[in-house]
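The values are calculated or read from the model by the stated rules, or taken from the named source; none is laboratory data. Predicted, not measured: the structure shown is a model, and the values here were computed from it. As a convention, Cβ positions derive from the backbone with ideal geometry for all residues, glycine included, and neighbour counts pool all protein chains shown. Accessible surface areas use protein heavy atoms only, side chains included; no ligands, DNA or RNA. Shrake-Rupley method; radii C 1.70, N 1.55, O 1.52, S 1.80 Å.
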Amino acid sequence: MKPFFFKTWNVALPILLFSIFFIAPSAFSAETDQATPENLPGQDMSVGEINATLATMSDEQVRSLLSKELSTTTEDSKKTVGLVEKASSWLHLLDDDSGSDQELSASLTARIIQIPRDYLTVARKIGNGSFGYFLITVCLIALIFAVAWGCEFVTHRFTSNFKKQFQEKAIPDLDGPMRFIAGLMLAIPSGINILVFSTMAVVLFFILPMNNHPPVRYLFLATLFTIIFFKACSLLSQVFCSPRSAALRVLPIDDTVAKSAHNRAILSCTYTFFAVMSLALLRELGINRLTFHSTAIFHASLIILFISIMVLNSRHYVKNLILEKSELYKTRNWVVEQFAQFWHVPTLFYFFIIWLIMLNDMLAGVQRGNSAFLMSLIGLPLFVVFNSLGQWVVRISINTLQIYDHAHNDSDDESLNTQIAEDKERERKLFVTTSRIMSLAILATLLVWVLSLWNVHIPFATNITKAVFESLIAMALGLTVWRFASSYIEKKMQETTPESTEDGEESDEWGAVSSRGRSFTVLPMLRKFIATTLLIMVTLVILSALGIDIGPLLAGAGVVGLAIGFGAQKLVSDVFSGFFYLLDDAFRVGEYIQAGSVSGSVESITLRNVMLRHHRGMLQIIPHSELGSITNFMRGGIIVKFNLEFPYDADVDKIRKIIKKVGKAMLNDEEFGKDFIQPVKSAGVREITASVMVIRVKFKAQPGTHFVIRREAYRRITDALAAQGIHYAHRKVIVELPEHEQKSIPDNQQKRLLEAGAAAAIAQQEAEEEEKHQGQSKP
């Protein structure tokens, strides 16, 4: 089940894009009002009438009028330049001269009748006073774009092979960033085509004889910018929506939604830019303000109409999405069903109210320099975006905190499965409750923000709105960084984790030792450091957003840290010792080490301690500062030597050859051969004791595997010797009585004395061998 936000892209994406690019009527009215002061003497008056009026005025009246004009001009220069003014400046790329605006008439009815004449005046101004010349100019400009399109078509023939080869290859399953990069690569030829089209159009325009006429330049640039914007918008929508190839689609939406969102985005954004450029053109050509405002109202009404049509066409689709989501989270009830059925009604009412307020402001002459209409228009897509972002933050937070652990999902225990099911149900309820609270908070925040745009201020609401948005963004960015870092670290740790073996023989002496890479040792500590850093940074950002001065907190934290540093020197020593142990790569997780009198395999490493698992099962926790010198048994190979006892008359050369043969056989064995560094071989006669001849055998193997190899070597050597009739020396004790005492001691007493002496000798020998064996068994 895909998130609700991604499934509503066919509604949210066009609204969001066209709200960003559309010129809001509130911006039109505010910006044009700033450009031309009202109620000033001299409007709609000839030069003679102005001179006659000034002749009747006193010096003080003239000074007052001039002071008012200068103050108005100063205030206007401090106001923010709107989107129409910015678009108008684009029309001066080829000429720095600017036109003048028509004066605002006092009679509204008379000027409405004059609107067609104003458009005809603009056309004649482009045609240098002749409407026929205007038509010729339009035809020539159309011819220029037709020729430029032909050049683009020729370029397209050369660049189409790249797209063809790219699309013919089987596209693998890519993630989001890789899909975006692949889409950009596929868009390179189209970008080249746009560049060729634009360059050829500009070059051909300069060939025209009327290219020095400013109105013609404005018309050409407005048309050129609109066409370029259409092509660029289409290209950008192709990258994100990719209606023809699901493998390259960045947004997780199906084909139907992708095509719908693509078409609506292009239509809305293209008409948006057309409205901007047409209004900028009219403004630069000096059209009357009332005609300018009427055109702005017309474009704004079409915007609202287009949004309303999109909402009505999507009402059933969004209804199904709401019901599917409620079914997924088991929250479907009568309220949800009614909202799904009639969600479009409050939405349309919201946009209608915005349009009425805009119309009222324009008729009443209210100036709003904050583009309230534009910002109010994007309230719906902003709610979709922030609500989805908030739910994602809630879901990731619950998963990261692991409030309910499902580590034993595959257990066959019925009671455990029941407990897991209950935990999942509680987790679902927690997510639903937290998501609803988050959605209500975002909705309330957006409503307060929209009201503030229309100068309706609620006490402390603006600060709360700002704090909520900043906190949400901070948590989202922090969780995004954490998810990326944690996933990367987890992936690297899994790459260095050795495969588990079913054979448990390796765990007899050192306790299932398996050395792991250095990254498995360092990355967990790095992950803890990143988590701690992100937690502190996000907390400080949230506190700062709430209006709390974090400067004293940071200063206090520094003082507390200094005090802790003096009072916890042992802790600091442990941390720094551990850091240098890791820096020197003295040991890694899974290696068997000995530090002083303590030995065991490294199970985990923290900032202060190292956890050693003894081969008999005990967990030993040793601070880094107390480790001292370390013996690492896992670096290099382990040389194993063991003794074999034979009778005095045993054939040494024959025994040596048998041991060498066994060593070659084990070296070629698939199970043991890979663990050898040097094969099993005889080292000759080590010593001759009172009753046996000792022959030493040795080999070199990988750490942790030498125990199994030694046991196998014992077995194979014993079998090979027995096959050749050679056996180990048996235990034998010889007890003799002096000859002069044999005659004086009865036979039965002599027997008991011999048995007692043999038993004492055997006991002493066993004690010596046990002590020797314990000394050899220590690593």
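In the set SER245, SER234, only one residue is hydroxyl-bearing (Ser, Thr, Tyr), open to solvent by 10 Å² or more (accessible area, probe 1.4 Å) and either touching a Ser or Thr at 6+ places or on another chain (Cβ under 7 Å) or at pLDDT 85 or above (or both); that residue is SER234. Set side by side, the residues THR256, THR226 differ, and just one is crowded, with 16+ Cβ neighbours inside 10 Å and part of a helix (DSSP H, G or I), which is THR226.
Scanning region 538-558 turns up no residue that is more than 25 Å from the chain's Cα centre (by Cα), at pLDDT 80 or above and surrounded by 11 or more Cβ atoms within 10 Å (Cβ to Cβ). Of the helices (runs of 4 or more DSSP H) that lie entirely inside region 268-354, those containing 1 or more residues that are closer than 30 Å to ARG117 by Cα and at pLDDT 85 or above span 289-313. Filter region 640-688 down to the residues that are open to solvent by 80 Å² or more (accessible area, probe 1.4 Å) and on the phi > 0 side of the Ramachandran plot and list them by number. The answer is none; no residue qualifies. Annotation note: Cβ proximity below 6 Å between a residue of region 449-470 that is of a type outside the set (D, E, K, R) and a residue that is in a loop (DSSP other than H, G, I, E, B) and at pLDDT 75 or above (sequence gap 6+ or interchain) occurs for ALA467/LEU546.
Yes/no per residue for (1) in a helix (DSSP H, G or I); (2) closer than 25 Å to PHE230 by Cβ; (3) modelled with pLDDT under 85; (4) in contact with a Lys or Arg (Cβ under 7 Å, 6 or more places away or on another chain):
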{"position": "ASP95", "(1), (2), (3), (4)": "no, yes, yes, yes"}
{"position": "GLN114", "(1), (2), (3), (4)": "yes, no, yes, no"}
{"position": "ARG124", "(1), (2), (3), (4)": "yes, no, no, no"}
{"position": "ALA142", "(1), (2), (3), (4)": "yes, yes, no, no"}
{"position": "VAL147", "(1), (2), (3), (4)": "yes, yes, no, no"}
{"position": "PHE153", "(1), (2), (3), (4)": "yes, yes, no, no"}
{"position": "HIS156", "(1), (2), (3), (4)": "yes, yes, yes, no"}
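Restricting attention to region 187-218 and to residues that are aliphatic (A, V, I, L, M), in a helix (DSSP H, G or I) and open to solvent by 30 Å² or more (accessible area, probe 1.4 Å), the residue that is farthest from ALA275 (Cα to Cα) turns out to be ILE188.
Among the residues of region 438-459, the one identified as assigned to a helix (DSSP H, G or I), over 12 Å from ASN387 (Cβ atoms) and open to solvent by 80 Å² or more (accessible area, probe 1.4 Å) is LEU447.
Let's see how each residue does on (1) under 30 Å from ARG483 (Cβ atoms); (2) more than 33 Å from the chain's Cα centre (by Cα); (3) not basic (Lys, Arg):
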| site | (1), (2), (3) |
| --- | --- |
| PHE292 | no, yes, yes |
| MET310 | no, no, yes |
| SER314 | no, no, yes |
| PRO381 | yes, no, yes |
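Among the residues of region 686-741, those that are of a type in the set (Phe, Trp, Tyr) and either modelled with pLDDT under 85 or over 25 Å from ILE639 (Cβ atoms) (or both) comprise PHE707, TYR728. Out of ALA246, ALA275, one residue alone is free of Cβ contacts under 8 Å to residues at least 40 places away in the same chain and aliphatic (A, V, I, L, M). It is ALA246.
The residues of region 587-608 that are open to solvent by less than 30 Å² (accessible area, probe 1.4 Å) and on the phi < 0 side of the Ramachandran plot, listed by number, are PHE587, VAL589, GLU591, TYR592, ILE593, ALA595, SER599, SER601, VAL602, ILE605.
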